[in-house]
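> One structure is given below, represented as structure tokens, and several questions about it will come after.
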Amino acid sequence: MTEKKSFNPFQIREQFPILKQLVHGKPLVYLDNAATSQKPTCVIDAMNSYYQYDNANVHRGIHELSERATGNYENSRIKIAQFINAFDSTEVVFTRGATESINIIAQCYLAPHFNKGDAIIVSELEHHANIVPWQMLKQRLGLEIRWLPVNDTGDIEIEKLPMLLADGKVKLVTFNWISNSLGTCNPVKEIINECKKHNVLTLVDACQVPAHQKIDVQNLGCDFLAFSGHKMFAPTGIGVLWGKKSLLEEFSVWQGGGDMIIEVSYDDFSPNDLPNRLEAGTPAIAEAIVLGQAVDWINEIDLLAAAEYESTLLEAATEGIRHIPNIRIVGQSVHKSSVLSFVFKDNSLHPSDIATLLNLDGIAVRSGHHCTMPILKKMGLPATARASFSLFNTMQEVDTFIQSVSKIQRKYS
């Protein structure tokens, strides 16, 4: 086991070339990490290296380039399995991202196993990618969706879960580990344990987790878990569907062609074994390999120390924003990740206007509904401005952000 490097945000920051630029003549302050993370040099170099030296298709060739590409592709799968403490690397399915992962579960597992009267439970905190696939099954098959409610602070009302499970009709409970719009850290193990009492499967949307803390699917005890590479310092267009092997073996095939088959005749086909049967066609080879490089990079970081550091950034930003008149912080759970959403109480500026003005100061934040329209509508909001912090951000950047918001408030409120 390699010794981890000590956590130093300034040393880490030096590994992100994109942060060294000016935006509107001012140093870039990147606070949109919940939408997509920036990439360290080693990740960028790994992408270039594949196309410069190893570019070939996987699993089909016996020449040197194909064998190297295949080896690196499958080695990345092993790294990811170890990273999340999967039982076996064949439980790791490469997808285009968490959205595709969730859709595969909906279409290839739940739909084929659907019976009239079945229900699933979805938390009110969910990203659209963990709502719409189930609504599609509701429209197509008559699936019942039950909502696990969220209170005014942005916390799941877990005490209502047993009642929602009581009639025995629920087949799956799905929820995010960390809310991308409010920053709420949900009690994942408590939810999973309650579902186990009722023999109900669980799906965890873990998109906001790998860049901030460890994942251990065996310790969690969930049945499915999904995340995307681009939120954990890896490229876009790559993600992971993890599922217990016994469940993945019950999936119908997702798409036809390429590596998902063993044999094809004019009359029929024979599907391949896991995970290939769910990875049709030429995959995102470079992206999958580079996801493994991102995992290597994260493994060198003391994530516990990084999380503590991010917590200090969030606390300082929250305290600073609280002292600015006319600001409402949206999402005030006691258990939060490094996400700070806010609006002007008097609606004098739309969140998109706030983000536009911050951008003029070189500060990148997200504005809008963050693909969580239902929970924001419940809170009486069409949108928020959202700052989200990562391990390369600094306290100076927090101060710059607070000063800019304060200047905007004085001028426009």
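Just so you know, all these numbers are worked out from the coordinates, no wet-lab data involved. If you're wondering where the values come from, they're calculated on a predicted model, not measured in any experiment. Note that each Cβ is placed from the backbone with ideal geometry, even for glycine, and that neighbours are counted across all protein chains shown.
> What whole number of Å gives the distance from the Cα centroid of segment 305-324 to the Cα centroid of segment 231-250?
With segment 231-250 and segment 305-324 each reduced to a Cα centre, they are spaced 31 Å.
> I would also like to ask the following. Once Rh is set to the Kirkwood radius over Cα pairs, what Stokes-Einstein translational diffusion coefficient, in µm²/s, holds for segment 96-172 at a temperature of 10 °C and a viscosity of 1.306 mPa s?
Numbers: Rh = 13.1 Å.
Estimated diffusion coefficient is 121 µm²/s.
> Counting only DSSP beta bridges with both residues in segment 45-299, tell me the antiparallel percent, nearest 5.
On the way: 14 of 31 bridges.
Antiparallel: roughly 45 percent of the beta bridges in segment 45-299.
> Over every pair of different alpha-carbon atoms in segment 276-364, take the mean of 1/r and invert it; report that Kirkwood radius in Å. Mind showing how you got there, number by number?
On the way: mean 1/r = 0.0593 Å⁻¹.
It is 16.9 Å.
> While we're looking at this one, here's another question. Is the shape of segment 93-235 rounded, prolate or oblate, going by the alpha carbon gyration tensor and its root eigenvalues a ≥ b ≥ c, with a/c under 1.5 for rounded and a/b larger than b/c for prolate?
On the way: a/c = 1.59, a/b = 1.20, b/c = 1.32.
Taking the square roots of the gyration eigenvalues as a ≥ b ≥ c, segment 93-235 is oblate.
> Right, something else. If you take the charge dipole of the chain about its Cα centre, with +1 on Lys and Arg Cβ and -1 on Asp and Glu Cβ, which of GLY292, THR174, VAL343 is farthest toward its positive end?
About the Cα centre, the residue reaching furthest to the positive side is VAL343.
> Exceeding 19 Å between C-alpha atoms, which entries from my cross-link table qualify? They are LYS197/LYS245; LYS79/LYS214; LYS196/LYS244; LYS169/LYS244; LYS160/LYS345; LYS231/LYS336.
Working: LYS197/LYS245 21 Å; LYS79/LYS214 14 Å; LYS196/LYS244 15 Å; LYS169/LYS244 22 Å; LYS160/LYS345 31 Å; LYS231/LYS336 17 Å.
From the list (LYS197/LYS245; LYS79/LYS214; LYS196/LYS244; LYS169/LYS244; LYS160/LYS345; LYS231/LYS336), the Cα-Cα distance tops 19 Å for LYS197/LYS245; LYS169/LYS244; LYS160/LYS345.
> Could I ask something else about it? Can you compute the charge dipole magnitude of segment 45-299 about its Cα centre, using +1 on each Lys and Arg Cβ and -1 on each Asp and Glu Cβ, nothing else charged? Give it in debye, rounded to the nearest 20. Kindly include the intermediate steps, with their values, before the conclusion.
On the way: 20 positive and 32 negative charges, 81 e Å.
Taking the Cα centre of segment 45-299 as origin, the dipole is about 380 debye.
> For HIS113 and THR282, compute 0.36 nm times the residue count separating them, minus their Cα-Cα distance, and round to one decimal in nm.
Numbers: separation 169, 0.36 × 169 = 60.84 nm, distance 2.84 nm.
Answer, rounded to one decimal: 58.0 nm.
> Taking Cα atoms of segment 183-243, Rg/Rh with Kirkwood Rh, to two decimals?
Numbers: Rg = 12.3 Å, Rh = 12.4 Å.
Result for segment 183-243 is an Rg/Rh of 1.00.
> Return the loop-located GluC sites (Glu not before Pro) in segment 245-278 (DSSP other than H, G, I, E, B) with at most 13 other Cβ atoms within 10 Å of their own Cβ; answer none if there are none.
Working: sites: GLU249, GLU250, GLU263; in loops: GLU249, GLU250.
Sparse-neighbourhood loop GluC sites (Glu not before Pro): GLU249, GLU250.
> Sticking with this structure for a sec: Quick one: putting +1 on the C-beta of Lys and Arg, -1 on the C-beta of Asp and Glu, what dipole do you get for segment 39-101 around its Cα centre, in Debye to the nearest 20?
140
> Moving to a separate point now. Among the trypsin sites (Lys or Arg not before Pro) within segment 95-194, which fall in a DSSP loop and have no more than 11 other Cβ atoms within 10 Å of their own Cβ?
On the way: sites: ARG96, LYS116, LYS138, ARG140, ARG146, LYS160, LYS169, LYS171, LYS189; in loops: ARG96, LYS116, LYS169.
Taking segment 95-194 and a limit of 11 other Cβ atoms within 10 Å, the loop trypsin sites (Lys or Arg not before Pro) found are LYS116.
> Taking only Cα atoms and a 10 Å spring cutoff, compute GNM fluctuations for the chain and point out the largest among ASP167, ASP32, ASP54.
The residue with the greatest mean-square fluctuation here is ASP167.
> Starting from the 7 Å offset along Cα-to-Cβ, what nm value, one decimal, do you get for the label separation of GLU159 and LEU247?
Calculated label separation equals 2.9 nm.
> State the Cα centre-to-centre distance between segment 28-53 and segment 95-120 in whole Å.
Taking the Cα centre of each part, segment 28-53 and segment 95-120 sit 31 Å apart.
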